[in-house]
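For reference, the structure discussed in these notes is given below.
The values are calculated or read from the model by the stated rules, or taken from the named source; none is laboratory data. The structure presented is a predicted model; accordingly, all values stated were derived computationally and were not measured. Reconstructed Cβ throughout: ideal geometry from the backbone, glycine too, with neighbour counts over all protein chains shown. Surface accessibility is based on the protein's heavy atoms, side chains included, excluding ligands, DNA and RNA. Shrake-Rupley method; radii C 1.70, N 1.55, O 1.52, S 1.80 Å.
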Amino acid sequence: MRLTALGTAFISLAFMGQALAQQATCDRACLTRFIDGYYSALVANNPAALPQASGARITENAREKKLADTFWASADKVIWRFDAVNIRRGDTGTQVVIQNADGTKTMHLLRLKVKAGAITEIEIINANQGDADRLWGPEQLTHVSPLLTVSIREQDRDSYYDLIGATESYWRAFQTNGTPQYRRARIAPDSERFENGFQTTGMVRDGVFNDTSRGFDEGRFIGRNLWGRRYAVVDEERGIVLCMVRFGMKSGMKSQSVATSNDRLVGEFFAIQNGVIRHIQAVLVNVKDEVPTGWPTTDYGPDKGSTETF
C-alpha cells in the first residue's frame, strides 16, 4: 500500500494542526493520533509522513536505526492493537499484530515520546516467528481483553507508584524464584499471560490449571536475571504499565530448560487493578546480553550478569 502525494500532504497538514494543539496540551486522543500516524506511515511504507523532531532517537530491537530502516514494504494492515498513554509525560506504548501481504504476521511493540508536537523517541520491538524460539501465537489474539481498554473511575485508580509497585512485585518474584528469598508476586489467580501472542498461563494444561504464579512457585526460572528494567509508560487511567526489561542469566547459573536458555529483550504490559496484576501481554525477541540495552536504565536494581535477588 502507498500514499499518493495528495494523501501525504493531508497527513502532514493534519499533523501541523495537531502540533499547534500539542503546544498547549496533548490529551489521550491527541497522543493516540500520533500512534495512528505511525502505523499509517508504516503500512504506507512512507516514513516521511511521520513528524519527527530534529535528532529524534529511534531503536529497533535495541539497535539504533533510521526510521526508514525499521519499516518493511510488505506490512499490509494492523489487525490487533491496544494502547497505553501517560499524558503528563507524553509517553505512549502500543502492542499490535501486523498482517503482511504474504499472510504472515508480525508482533510489534511501539513506544513513542511526544514533545511540542513532534516525536522525539521511537522504541520498537519487532518479532517474527522464530525470533523468540517456540513463543509464537498471534492467531490466539482474537480480541483485546477489556482489562487493557477499560477507563477506571478516578477514585478507583491505583496511583503511578502503586502501579509500578505491583509490576515490581512480578520482577521480584521472577528474580528470587527457587531461592530462600522468594516472594510471591501480586498476581490474580485467574490472570492470563501472552508472550508474542502465545498464551502461557491462565488456562488448563495437561489437566492442571496453569496460573501465572505457578512457574515462580515451582522455581522453574531459577537463575534468570531481569536487568535493565525501565517503567517506560505508566497509564493510571487504564491501570497499565509497560516495562522494558532484559532477560539474561545470573553469573555462574545455567538455564533450567531450553525455553529459558536465550537472552531476550522484552516489552511487557501489565494490566493492574486494586494493586493486583490481572493480565499480561509481552513482545520479546532473542537479544544477547552483550548487546547494549539501547536506552538509559535505572541506577538501581540488577545489572547484566547480576546475582542479586531483588
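Table for the structure above
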{"item": "Alpha-carbon centroids, the range 80-115 and the range 234-310: separation in whole Å", "result": "18 Å"}
{"item": "Over the range 49-134, relative contact order from alpha-carbon pairs under 8 Å, at least 6 apart, %", "result": "30 percent"}
{"item": "Using a Förster distance of 35 Å, the FRET efficiency for residue 253-residue 54 (Cβ separation, nearest 0.05)", "result": "0.20"}
{"item": "For the chain, size of Cβ-based charge dipole, Lys and Arg +1, Asp and Glu -1, in debye", "result": "280 debye"}
{"item": "Solvent exposure ordering (accessible area, 1.4 Å, most first) of 287, 78", "result": "78, 287"}
{"item": "Percent accessible area from carbon and sulfur atoms, the chain, protein chains only, probe 1.4 Å", "result": "51 percent"}
{"item": "222 nm mean residue ellipticity, helices alone, for the chain (DSSP H n ≥ 4; -39,500 (n - 2.57); rounded to 500)", "result": "-6000 deg cm²/dmol"}
{"item": "DSSP H segments from the chain that extend 20 Å or more along their own axis, Cα-based, with Kyte-Doolittle mean of 1.0 or above", "result": "5-24"}
{"item": "Set 250/288; 65/250; 65/288; 77/288; 115/304 screened for pairs whose C-alpha atoms are more than 23 Å apart", "result": "65/250; 77/288; 115/304"}
{"item": "Fraction of the pair-distance distribution of the range 41-139 above 19 Å, Cα-Cα pairs, percent", "result": "45 percent"}
{"item": "Dipole axis of the range 106-219 (+1 Lys, Arg; -1 Asp, Glu on Cβ), positive-most option in 171, 117, 194", "result": "117"}
{"item": "Magnitude of the charge dipole, the range 12-163, Cβ model with Lys/Arg +1 and Asp/Glu -1, debye to 20", "result": "340 debye"}
{"item": "Per residue, in Å², the accessible surface of the range 109-249 once ligands and nucleic acids are set aside, probe 1.4 Å", "result": "40 Å²"}
{"item": "Qualifying GluC sites (Glu not before Pro) in the range 200-251, DSSP loop, other Cβ atoms within 10 Å at most 13", "result": "218"}
{"item": "Whole-angstrom Cα spans of the chain along principal axes, big to small", "result": "62, 45, 39"}
{"item": "Mean separation of Cα contacts under 8 Å (6+ apart) over length of the chain, as relative contact order %", "result": "17 percent"}
